[in-house]
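Notes to accompany the following structure.
The values are calculated or read from the model by the stated rules, or taken from the named source; none is laboratory data. Small disclaimer: the values here were computed from a predicted structure and weren't measured. Virtual Cβ from ideal backbone geometry, glycine too; neighbours counted across all protein chains shown.
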Amino acid sequence: MLLLLIFVVWQLPASLIDSALNRYSDNKLRLAETQGSVWRGSGLVMVLDPVSDRWQPWTKIDWNADWGALLRFGVAWQLMVQDTPLARVELATSGVRIDELHLRGPARLFLQQMQNVIGRAGWRGDIAIDSAHWQCTWQYQCQGGADLRWFGAASDLLEGRVLGDYQVLFLGNGEHIDFQWDTLQGSVRTKGDGRWQGQGTPRLSGTISGDVMFLQSLPSVASRWVRVGSEPGVWLISIQ
């Protein structure tokens with residue numbers, strides 16, 4: 001009986017990952033064209049476009065189980081994209097741990113998931129997310145650090161003009177996640193900081209500066225969260 005159970009677990013199909021990914025991403029991610037098993041296989045990550053309500057292909061990934069996690073009563077996988085390490089993901093009774101994350105993709109695939117007008121602004125450019133270590137409990141209490149960089153940021157609502165390159169640093173402190181952003185380069189400068197308590201909308205405040213005539217169209221993108229500052233060419237960002 002024990003050998004039969006081990007055989008069944010060993011043969012668990014990769015399609016089970018699709019079901020779990022869809023469930024825990026709130027129907028925003030799917031895994032298509034799955035091959036292999038839960039422990040060793042491949043698939044095509046699909047992202048739901050909330051505007052067209054259609055699934056879009058993102059990237060092909062491969063995974064291999066890391067059996068060393070069993071010593072900590074967990075299960076882990078090494079994820080790869082085109083033979084390049086993507087991340088090591090470990091699931092345990094305490095929560096989820098991600099090590100050596102190197103995630104890349106078009107900005108629209110990340111930002112269109114936001115449930116407001118910002119997510120529907122037709123964002124362009126490329127986003128890179130890197131983290132040496134990030135760990136969260138099942139109650140969304142997270143610890144670790146992450147670095148997000150957005151290169152060639154642009155929006156269809158802002159005349160398709162390239163705004164610049166930006167960076168956001170995240171720091172998980174257990175009860176909340178602090179973040180701060182700044183401009184790496186570009187004609188539109190922005191900086192600020194904020195905090196997310198793990199649920200609801202994050203609180204943040206900052207500034208945007210640049211060409212006055214150009215930035216007058218900001219309300220069409222950020223609606224009630226952006227207002228004119230006291231200094232010429234400076235706009236204030238506030239979400240409370």
task = Among the residues of segment 127-155, write down those that are at negative phi and not in a strand (DSSP E or B).
result = 138, 139, 141
ask   = When both residues are 6+ apart or on different chains and their Cβ atoms are under 6 Å apart, which pairs have a first residue that lies in segment 190-202 and is without any contact (Cβ under 8 Å) to a residue 40 or more places away in the chain, and a second that is surrounded by 15 or more Cβ atoms within 10 Å (Cβ to Cβ) and of a type in the set (Phe, Trp, Tyr)?
value = 202/196
message = I'd like to know if segment 125-137 contains one or more residues that are buried (at least 16 other Cβ atoms within 10 Å of the Cβ) and either closer than 23 Å to residue 14 by Cβ or out of contact with any strand residue (DSSP E or B) (no Cβ under 9 Å at 6 or more places or on another chain) (or both).
response = no
message = So, restricting to strands (runs of 3 or more DSSP E) that lie completely within segment 27-114, which ones have at least 1 residues that are free of Cβ contacts under 8 Å to residues at least 12 places away in the same chain and more than 22 Å from residue 14 (Cα to Cα)?
response = 54-65
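Right, residue 86: within 18 Å of the chain's Cα centre (by Cα), under 30 Å from residue 225 (Cβ atoms) and surrounded by 15 or more Cβ atoms within 10 Å (Cβ to Cβ) or not?
Taking the combined requirement at face value, the residue does not satisfy it.
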task = Go through segment 163-203 residue by residue and tally those that are buried (at least 17 other Cβ atoms within 10 Å of the Cβ), aliphatic (A, V, I, L, M) and closer than 17 Å to residue 145 by Cβ.
result = 2
ask   = Out of (1) modelled with pLDDT under 95; (2) surrounded by fewer than 16 Cβ atoms within 10 Å (Cβ to Cβ); (3) among the small types (Gly, Ala, Ser), what's the single condition that is false for residue 145?
value = (1)
ask   = Out of all the residues in segment 158-216, which are assigned to a strand (DSSP E or B), more than 21 Å from the chain's Cα centre (by Cα) and of a type in the set (Val, Ile, Thr)?
value = 162, 207, 208
